[in-house]
Amino acid sequence: IIEVNLTPIWGEKDGMGVVAVLHDITPIRRLEKMRTEFVANVSHELKTPVTSLRGFAETLLDGAAEDPEMQREFLEIIHRESLRLERLISDLLDLSKIESRKMPIQLEPIRVKSLIQPLAQTVEEEMKKKELLFRLELEEDFTVEVDKDRFSQIVINLLANAMSYTPAGGSIVLSAGRKEDRWWLQVVDTGIGIPEEDLPRIFERFYRVDKARSRESGGTGLGLAIVKHLVESHHGEIQVDSQVGKGTTFTLTFPL
Ligand code: ADP
């Protein structure tokens, strides 16, 4: 998209002329379009749980509360949807803080074992509940430079996804190691996998391969967008390999 500005000029000898200045405003328009789409997406994502909350609350008020079984079932839905709404709002706030650079990253030296072992412990219980085999593999202990809270968010998001998209009986491995001047962290699952054509888009905000499945597992569609931003603010890179029906591997690498 080209915007043209014409300015008349008056030369002393040659009479009148025109200066044309051409601006390529394609990037600006693209940004505007992205922003409008984002607002539309956010509104839609917020509206869905709110509509469901209102619906179930109204049904309870209309008399469903008199049946104890139905009451419990509806209250459970209301509870689950409120949690999802809360998570969505908190993810949105995180994303906007990261994108406007209001979330300062404080890189501090920490031993990789003391960084990752507690994270593995926090998910162990849930893995058992979901009948998933979970293993932590740390070849050696070494010092890395990370923002502990933000880095934990990266790992927890990846592990939560692995848990959501791996059926019972599957396995999940979290590992880390170093090679030359870089260190890496990997989350490998034996889950449903991601079709090749979706792989380039999974880090986009609200992009999901299967909307219903993501919603069912309480996903917000923002987890990987947050992960990607946080990895980049740690000067790292994220890579994904996946095969449908076999599983998915996320590999993160950072400078040492
Ligand atoms: P969500 O909240 O929907 O999980 P994310 O941003 O975390 O959103 O992930 C985006 C999409 O990428 C998911 O909806 C899912 O389709 C796909 N995905 C992410 N991690 C995995 C995984 N480990 N296995 C299979 N699919 C995954």
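The values are calculated or read from the model by the stated rules, or taken from the named source; none is laboratory data. Keep in mind it's a predicted model, so treat the numbers as computed, not measured. Heads up, the Cβs are rebuilt from the backbone with ideal geometry, glycines too, and the neighbour counts pull from every protein chain shown. Only protein heavy atoms, including side chains, enter the accessible area calculation; ligands, DNA and RNA are left aside. Shrake-Rupley method; radii C 1.70, N 1.55, O 1.52, S 1.80 Å.
Yes/no per residue for (1) open to solvent by less than 80 Å² (accessible area, probe 1.4 Å); (2) out of contact with any Ser or Thr (no Cβ under 7 Å at 6 or more places or on another chain); (3) assigned to a helix (DSSP H, G or I):
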| position | (1), (2), (3) |
| --- | --- |
| A20 | yes, yes, no |
| H23 | no, yes, no |
| S43 | yes, yes, yes |
| E86 | no, yes, yes |
| S114 | yes, yes, yes |
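Name the one entry in S100, S90, S82 that is polar (S, T, N, Q), surrounded by 10 or more Cβ atoms within 10 Å (Cβ to Cβ) and within 30 Å of V144 (Cα to Cα).
Details: S100 fails: surrounded by 10 or more Cβ atoms within 10 Å (Cβ to Cβ); S82 fails: within 30 Å of V144 (Cα to Cα).
Exactly one residue qualifies, and that residue is S90.
Any residue that is more than 24 Å from E137 (Cα to Cα), more than 17 Å from the chain's Cα centre (by Cα) and either surrounded by 15 or more Cβ atoms within 10 Å (Cβ to Cβ) or within 11 Å of the ligand (Cβ to nearest atom) (or both) - is there at least one of those in region 226-240?
No, that holds for no residue.
When you go through E196, E180 one by one, which is the residue that is at pLDDT below 95, of a type outside the set (S, T, Y) and either open to solvent by 30 Å² or more (accessible area, probe 1.4 Å) or more than 18 Å from I238 (Cβ to Cβ) (or both)? Full working, then the answer.
Details: E196 fails: at pLDDT below 95.
After applying the criteria, what remains is E180.
Which residues, taken from region 196-225, are outside any loop (DSSP other than H, G, I, E, B), in contact with a strand residue (DSSP E or B) (Cβ under 9 Å, 6 or more places away or on another chain) and more than 8 Å from the ligand (Cβ to nearest atom)?
Filtering region 196-225 down to residues outside any loop (DSSP other than H, G, I, E, B) leaves 199-201, 211-216, 223-225.
From what is left, the residues that are in contact with a strand residue (DSSP E or B) (Cβ under 9 Å, 6 or more places away or on another chain) are 199, 224.
L199, the sole residue that qualifies.
Could you list all residues from region 125-147 that are loosely packed, with under 13 Cβ neighbours inside 10 Å and in a helix (DSSP H, G or I)?
Scanning region 125-147 gives E125, K128, K129.
Return the pairs, sorted by first residue and then second, in which the second residue is open to solvent by 60 Å² or more (accessible area, probe 1.4 Å) and aromatic (F, W, Y), the first residue lies in region 243-256 and is at negative phi and within 12 Å of the ligand (Cβ to nearest atom), the beta carbons are less than 8 Å apart, and the residues are 6+ apart or on different chains.
Between residues of region 243-256 that are at negative phi and within 12 Å of the ligand (Cβ to nearest atom) and residues that are open to solvent by 60 Å² or more (accessible area, probe 1.4 Å) and aromatic (F, W, Y), the close pairs are T248/Y165.
Pairs, please: C-beta under 7 Å, at least 6 apart or cross-chain, first residue without any contact (Cβ under 8 Å) to a residue 60 or more places away in the chain and closer than 17 Å to R111 by Cβ and in region 173-199, second open to solvent by 10 Å² or more (accessible area, probe 1.4 Å) and among the aromatic types (F, W, Y)?
Listed pairs, sorted by first residue: G177/W184.
Scan F74, F56 and give me the residue that is over 27 Å from I226 (Cα atoms), open to solvent by less than 40 Å² (accessible area, probe 1.4 Å) and not in a loop (DSSP other than H, G, I, E, B).
Values: F56 fails: open to solvent by less than 40 Å² (accessible area, probe 1.4 Å).
Result: F74 is the single residue among F74, F56 that is over 27 Å from I226 (Cα atoms), open to solvent by less than 40 Å² (accessible area, probe 1.4 Å) and not in a loop (DSSP other than H, G, I, E, B).
V227: modelled with pLDDT of 95 or more and in contact with a helix residue (DSSP H, G or I) (Cβ under 6 Å, 6 or more places away or on another chain), yes or no?
Values: modelled with pLDDT of 95 or more: yes; in contact with a helix residue (DSSP H, G or I) (Cβ under 6 Å, 6 or more places away or on another chain): yes.
The answer is yes for V227.
Considering only region 164-180, I want to know if a residue exists there that is within 22 Å of L95 (Cα to Cα) and either part of a helix (DSSP H, G or I) or within 22 Å of the chain's Cα centre (by Cα) (or both).
Quick first cut of region 164-180, residues within 22 Å of L95 (Cα to Cα) only: 164.
Filter again for either part of a helix (DSSP H, G or I) or within 22 Å of the chain's Cα centre (by Cα) (or both), leaving 164.
Yes - at least one qualifying residue is present in region 164-180.
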